[in-house]
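> Okay, handing you the structure first.
Values in this text are rule-based calculations from the coordinates and carry no lab data. Note that this is a predicted model, so its numbers are computed, not measured. FYI the Cβ positions are ideal-geometry reconstructions off the backbone, even for glycines, and counts take in every protein chain you see.
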Amino acid sequence: MESARSRPATPIPPLDLVRHVKELRALLDEVFGLTEASGLWAVRTLSHHVDLALGSPTALVSPQNQLDFVDEALDAIWEAAELSFGGLRPAASREEAGRRQQRLDALRGRLEGIADQLCEHLEAWHRHRSERP
């Protein structure tokens, strides 16, 4: 039988979430360099939340703060991916545009991978919380 103590206190171990946040910052910086994503509300919002989390990582210890952050992040990632991150910036050649598109596709895949991992953490946490001792 599982005790209440063995149940996770937060949806995501705080150090894991900080690692995801740092990776999101790096990915967003690269997306901003390739695309017009800075014009998308979802991406600006995600960038803002990432910066807040990096500025105060201890805020990510609270379960509610984690839930809020993850909810915002998931919405923004999926919306931005659906909108192709606002489109690629103009390129000097077709070859360069092709390289940029390939890189953007790889970034999209990684961002969606992070979103999937965050969802898995949330689902597991909710399952643990709903189990009866």
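> How much length, in nm to one decimal, is gained on full extension between residue 62 and residue 44, taken as 0.36 nm per residue of separation minus their Cα-Cα distance?
4.1 nm
> To test your reading of the geometry: what angle, between 0 and 90 degrees and rounded to tens, separates the Cα axis of helix 94-130 from the longest principal axis of the chain?
10
> Relative to the longest principal Cα axis of the chain, at what angle does helix 41-55 sit, 0 to 90 degrees, rounded to 10?
For 41-55 against the chain, the angle is about 60 degrees.
> Name the residues whose placed amide hydrogens come within less than 5 Å of the amide hydrogen of residue 35, ignoring near sequence neighbours (fewer than 5 apart) on the same chain.
Here 89 satisfy the definition.
> Let's see if you can work this out: charge +1 on each Lys and Arg Cβ, -1 on each Asp and Glu Cβ, no other charges. What is the dipole magnitude of the chain about its Cα centre, in debye to the nearest 20?
Its charge dipole is roughly 280 debye.
> Can you tell me the FRET efficiency between residue 82 and residue 54 if r is taken as the Cβ-Cβ distance and R0 is 35 Å, rounded to the nearest 0.05?
Approximately 0.85, to the nearest 0.05.
> At 222 nm, what value in deg cm²/dmol follows for the chain if DSSP H runs of at least 4 each add -39500 (n - 2.57) and the sum is divided by all its residues, to the nearest 500? List each step's numbers first, then the result.
Numbers: 4 runs with 93 residues, N = 133.
Here the helix-only value at 222 nm equals -24500 deg cm²/dmol.
> Along Cα→Cβ, 7 Å out, is where each label goes; now give me the distance between the ones at residue 119 and residue 26 in nm to one decimal.
The modelled label-to-label distance comes out at 2.4 nm.
> Quick check on the chain: what are the equivalent-ellipsoid semi-axes from the Cα gyration tensor, as sqrt(5λ), descending, whole Å? Provide the component values of the computation, followed by the final result.
On the way: eigenvalues 225, 41, 25 Å².
That gives 34, 14, 11 Å for the three semi-axes.
> Place a point 7 Å from the Cα of residue 72 along the Cα-to-Cβ direction; which residues of the stretch 28-49 have their backbone N under 11 Å from it?
Residues 44-49 qualify, since their backbone N sits under 11 Å from the label point.
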